[in-house]
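No value in this document is a laboratory result; all are computed from the given coordinates. Fair warning: this is a prediction, and the values are worked out from it, not measured in the lab. When we count neighbours, we look across all protein chains shown, and the Cβ atoms used for this are built from the backbone with ideal geometry, even at glycine.
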Amino acid sequence: MSSEQNPAQETADATGAAGPRPRRLTYAAALSALEGLALLVGGVWMLVFGITGDGVDRQTGITGGITVLVLALLPLLAARGLLLRRSWSRGPAVITQILALPVAYNLLQADSAAIPAGIALAVVAVTSLVLLVNPATTRALGIKGPDRTRETPQR
């Protein structure tokens, strides 16, 4: 059977990128979703602690919990966008990782059980950044670099 009789069907999405999603992009989306879920859990925990607390702890816990829950939307939306190969999704994902690095540093400065959490967060943030700036990820998202904005003449 020739290729004309049975053409290979390529998957294309809204960005026009054809072919399967690179594993690097899938891994970056998974790490972003993991961070979003961790923020959701932390936000719910803070909210419950605030509701069951008393006085100043109540107000701080409720405000902090709601804030963390809203912040959880950023990596979750970015993860969804990365899976759907939306070019806009890389920006929020990179911002999330950059914001995670100082948090990881502060956790590493603690003399407590927070040190392993800081190590884990730092590893996830750096790994995600490497995956997000990878050329295969950039191509899959249809992002053009500064050198690819102009068409080069054919020789």
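Rounding to the nearest 20 debye, state how big the charge dipole of the range 33-118 is about its Cα centre with +1 on each Lys and Arg Cβ and -1 on each Asp and Glu Cβ.
560 debye
Which whole-Hz ³J(HN,Hα) couplings does the range 61-67 yield from phi under the Karplus relation 6.51 cos²θ - 1.76 cosθ + 1.60, θ = phi - 60°, glycine and proline marked x? Here the 3J(HN,Hα) series is x, 5, 4, x, x, 5, 4 Hz. For the pair Ile51 and Val70, the difference between a 0.36 nm per residue extended length and the Cα-Cα distance amounts to 5.1 nm. Classify the range 49-121: rounded, prolate or oblate, from the alpha-carbon gyration tensor (a ≥ b ≥ c, eigenvalue square roots; a/c under 1.5 rounded; otherwise prolate if a/b is larger than b/c)? Oblate, since a/c reaches 1.5 and b/c is not below a/b. Residue-wise HN-Hα couplings along the range 114-124, as the Karplus relation 6.51 cos²θ - 1.76 cosθ + 1.60 with θ = phi - 60° gives them from phi, are 6, 4, x, 5, x, 5, 4, 5, 5, 5, 5 Hz; Gly and Pro carry x.
Below 13 angstrom from the Cβ of Ala78, what's the summed charge of the other residues (Lys, Arg +1; Asp, Glu -1)?
After counting each charged neighbour, the total is +3.
Pair-distance distribution P(r) for the range 93-132, from all Cα-Cα distances in 10 Å bins starting at 0: 36, 49, 14, 1 percent.
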